[in-house]
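Chemist: Following this message is one structure expressed as structure tokens.
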Amino acid sequence: MPDTKRFGIAGEFIPPGFTLTSSLPWSRANFSLFYDGPADTWMQGLDVGAVVHYTGQYEDDNLSLTTNLLGGAKPQTPRSGPLPWRARKVREWITLDLIASYTFNLPLPSAAEVPGFAKDGGKNVKAKDGKEKNVLPVSTAEYNLCGWRAWLNNMTLTLGMQNVFDSDPPFVGGNFENGYDESLATIKGRFWYVQLKKRF
């Protein structure tokens, strides 16, 4: 509106459906640390990691933002809004996720010599009668493993846990629907999962 002063919404809780954006805390960050097992050892298929999700403090609705957007005469700070006793901050929220996976890479069985074929295929070899014969090379086609090894090879087993410490989302008074900011947090709590993936 032309008769209102400019105001900012950074660091504010945005009520659901009020704007096209979600809430805008001053700071959000994800920190991750992962480890891959060393090659040429039984640990080469091992991957473990941890991810920390951080959402910093921001202002609750406090009615100052709503008043401004509805055409208030001047921008108001949370403590100078129409209900200053409601002025409060939404506390920070920190969660930890853990993940571990192992990919089975079983070695292929060693190729056995086939009678009548040369190791250095394609070269002439001497037969028992003393004559040289041109021998075709041994096939380089790989044969699939059989049985349980075939199913286990190239399979990845993943175990994970989200929100390890079962942290509740911070209370948001401006969200009358459920009391927390669903654009930034979840009430799912600690969550375990198992994943099995097979590559053919």
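Chemist: Tell me, in nm to one decimal, what length is gained between V51 and R28 on full extension, where the rule is 0.36 nm per residue of separation less the Cα-Cα distance?
Modeler: Result for the pair: 6.9 nm of gain on full extension.
Chemist: Given labels modelled 7 Å from the Cα in the Cβ direction, how far is it in nm from R88 to L157?
Modeler: Distance between the two pseudo-spin positions: 4.7 nm.
Chemist: D36 to F176: FRET efficiency via 1/(1 + (r/R0)^6), r the Cβ-Cβ distance, R0 35 Å, to the nearest 0.05?
Modeler: Values: r = 47 Å, r/R0 = 1.34.
Using R0 = 35 Å, I get an efficiency of 0.15.
Chemist: Got a sec to turn the phi values of the stretch 46-53 into Karplus ³J(HN,Hα) couplings, 6.51 cos²θ - 1.76 cosθ + 1.60 with θ = phi - 60°, whole Hz, x for Gly and Pro?
Modeler: 8, 9, 10, x, 9, 10, 9, 9
Readers should treat all values here as calculations from the given coordinates under stated rules, not as data from a laboratory. On a predicted model such as this, the values are computed, not experimentally measured, just so you know. Virtual Cβ from ideal backbone geometry, glycine too; neighbours counted across all protein chains shown.
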